[in-house]
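The values are calculated or read from the model by the stated rules, or taken from the named source; none is laboratory data. Treat the numbers as computed from the prediction; the structure is a model and nothing was measured. Using ideal geometry, Cβ is built from the backbone for each residue, glycine included, and neighbour counts are taken over all protein chains shown.
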Amino acid sequence: MGTIKDYIRGKKIDSTPIWFMRQAGRYLPEFREIRSKNSNFINLCLNPSLSKEISIQPLKRFNLDALIIFSDILFIPYALGQFVEFEKNFGPKLGELNYKNILTKSDEEISLKLNPIYELIKLISKDAILNNKDLIGFTGATWTIMVYMLNKKSPKKKIDENIFNYPHQDDLIRKIIQAQKIHIKNQVESGASLIQIFDSWAGLLDEDKIEKYIYQPTKEIVQFTKKLGVEVICFPRNIKNYRKYCEIVNPSAISIDYTIDPKKIAESINLPIQGGMDPKYLLLDKNDMLKNAKKYLEIFKNHKYIFNLGHGVLPETKPENVKILVDYVKDFK
């Protein structure tokens, strides 16, 4: 027995710990039923009773070691006063940036606007389903949040160079970091036992800009989180150099994406490793899916490893495949 947090800290546990990014979501029919009655995604996330129900749905089905709250990284721009909405078949759309309004947001205003998320965490932390499991809170990384705020939508595969010419950029970065710290502290105080930092667009940044936009802001957030007594997992998706990232940022664990060779990671990084398997493998038949899972379990058998995917569970994934995979990982020796 033991939690992922204990495992990261060096405690031996009985089996490889496992959870999934986007484990609460569209592949579950019980989620789709709730979503069909709640078209506004923001309002759904900010409804503590419904978001609690969604958050615990995967744990009712699968023998997972952690619950990650049903929320979104774009609640930081939302808390800072930028309009945020999610359009079906398009994704997030953000409003114009009112620079002066954003910079004058007080800590109290930020906390108040996000209070339903903290109420959600308090509700979950009292539920018996969480027995000996971690409750994962999260935030987006500074760079990824800034990209969304200035780009006003998902950048997909290319960064608009105008982002680097924004006149109040340094002040905006400091304000985002301030909001991240408030959000993390409130999540921890409400009951989160682990924090994950999602840097969804880390892979779009050229090497000469990574120091300013990724290494230094994320290092500051990681140090802040560790001082709260909580371990922090970082997921800098598609970043060019995972080893250098780990050396500078020094998270408690590093989550890897599916484009990278896991053997190189196992050879070059001493931190606990999380993830890596391509979510598309869950769409294959049982034998092919488990063959790919075994590859990661074998590569990291002598390394501290948390099984996860290299991105979120895909909407078309069959819940039966998730159960088969979870049971396989838990039984793997």
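In the set (1) touching a His at 6+ places or on another chain (Cβ under 8 Å); (2) surrounded by fewer than 18 Cβ atoms within 10 Å (Cβ to Cβ), the condition left unmet by LEU114 is number (2). Scan the range 76-94 residue by residue and report those that are over 21 Å from HIS183 (Cα atoms), touching a strand residue (DSSP E or B) at 6+ places or on another chain (Cβ under 9 Å) and part of a loop (DSSP other than H, G, I, E, B). Correct list: PHE90 only. Residues that are free of Cβ contacts under 8 Å to residues at least 24 places away in the same chain and surrounded by 15 or more Cβ atoms within 10 Å (Cβ to Cβ) do occur in the range 278-288. In a loop (DSSP other than H, G, I, E, B) and either of a type outside the set (Asp, Glu) or out of contact with any Lys or Arg (no Cβ under 8 Å at 6 or more places or on another chain) (or both): does that describe LYS12? So LYS12 fits the description; yes. Assess whether LEU94 counts as being at pLDDT 95 or above, more than 27 Å from LYS330 (Cβ to Cβ), surrounded by fewer than 20 Cβ atoms within 10 Å (Cβ to Cβ) and touching a Leu at 6+ places or on another chain (Cβ under 7 Å). No, not satisfied. When the range 135-157 is filtered for residues that are surrounded by fewer than 22 Cβ atoms within 10 Å (Cβ to Cβ) and either among the small types (Gly, Ala, Ser) or touching a helix residue (DSSP H, G or I) at 6+ places or on another chain (Cβ under 8 Å) (or both), the ones remaining, listed by number, are LEU150, ASN151, SER154, PRO155, LYS157.
Residues that are in a helix (DSSP H, G or I), free of Cβ contacts under 8 Å to residues at least 60 places away in the same chain and over 17 Å from the mean Cα position of the chain (by Cα) within the range 198-222 comprise LEU204, GLU207, ASP208, LYS209, ILE210, GLU211, LYS212, TYR215, GLN216, GLU220, listed in sequence order.
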